[in-house]
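Working notes, beginning with the structure itself.
FYI, it's all coordinate maths here, none of it is from the lab. All of these numbers come straight from a predicted model, not from anything done at the bench. FYI the Cβ positions are ideal-geometry reconstructions off the backbone, even for glycines, and counts take in every protein chain you see.
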Amino acid sequence: MGLKQTLPKWFNGTIYEIGDEVRNPFSNETCFLNAKELSMYDYIMGANFFLEMMTNSQTPENISQIHIKQLTKGLDWFRKHNPKAYMVLLD
């Protein structure tokens, strides 16, 4: 896609030095993600897990809008920088 990949300033997840192959647990499809994509993917998955736990244990009005916004920003970044992997792994 020709985009220079840099993680956004708001990103506060782990930054990996190497990429890896990731498998969608539902479709069994795989994609190789570079280090930055893998860092963002893990951030997205962690944020999603956190929000699911919050949703199951609290009323919806108590769920942090900040966490929802961070998850959305992560998904937007991933969709922009690797749309094919986004469709396979996150859509």
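I want the local charge near Ser39. Using Cβ-Cβ distances under 13 Å, sum +1 for each Lys or Arg and -1 for each Asp or Glu among the other residues. Walk me through the numbers before you get to the answer.
Working: positive: Lys36; negative: Glu17, Asp20, Glu37, Asp42.
Taking every other residue near Ser39 into account, the sum is -3.
P(r) for the chain, please, calculated from all Cα pair distances in 5 Å bins and given in %.
Taking all Cα pairs of the chain, the binned fractions are 2, 13, 24, 24, 18, 11, 6, 2, 0 percent.
Enter the angle in degrees (range 0 to 90, nearest 10) between the Cα long axis of helix 65-81 and the first principal axis of the Cα atoms of the chain, meaning the one along which they spread out most.
With rounding to tens, the tilt is 20 degrees.
For the chain, calculate the relative contact order in percent as a whole number, restricting contacts to Cα pairs under 8 Å that are 6 or more residues apart.
31
Could you order peptides 9-18, 79-88 by the average number of other Cβ atoms within 10 Å of their residues, highest first? Can you show the working numbers first?
Details: 9-18: 11.3, 79-88: 16.1.
The most tightly packed comes first, giving 79-88, 9-18.
Rounded to the nearest 500 deg cm²/dmol, what is the calculated helix-only ellipticity per residue at 222 nm for the chain, with -39500 (n - 2.57) per DSSP H run of length n ≥ 4?
The helix contribution divided over the chain gives -17000 deg cm²/dmol.
Need the full-extension length gain, Ile15 to Asn34, defined as separation in residues times 0.36 nm minus the C-alpha distance. One decimal, nm. Intermediate results must be reported in sequence, preceding the final value.
Values: separation 19, 0.36 × 19 = 6.84 nm, distance 1.10 nm.
Extra length available between Ile15 and Asn34 comes to 5.7 nm.
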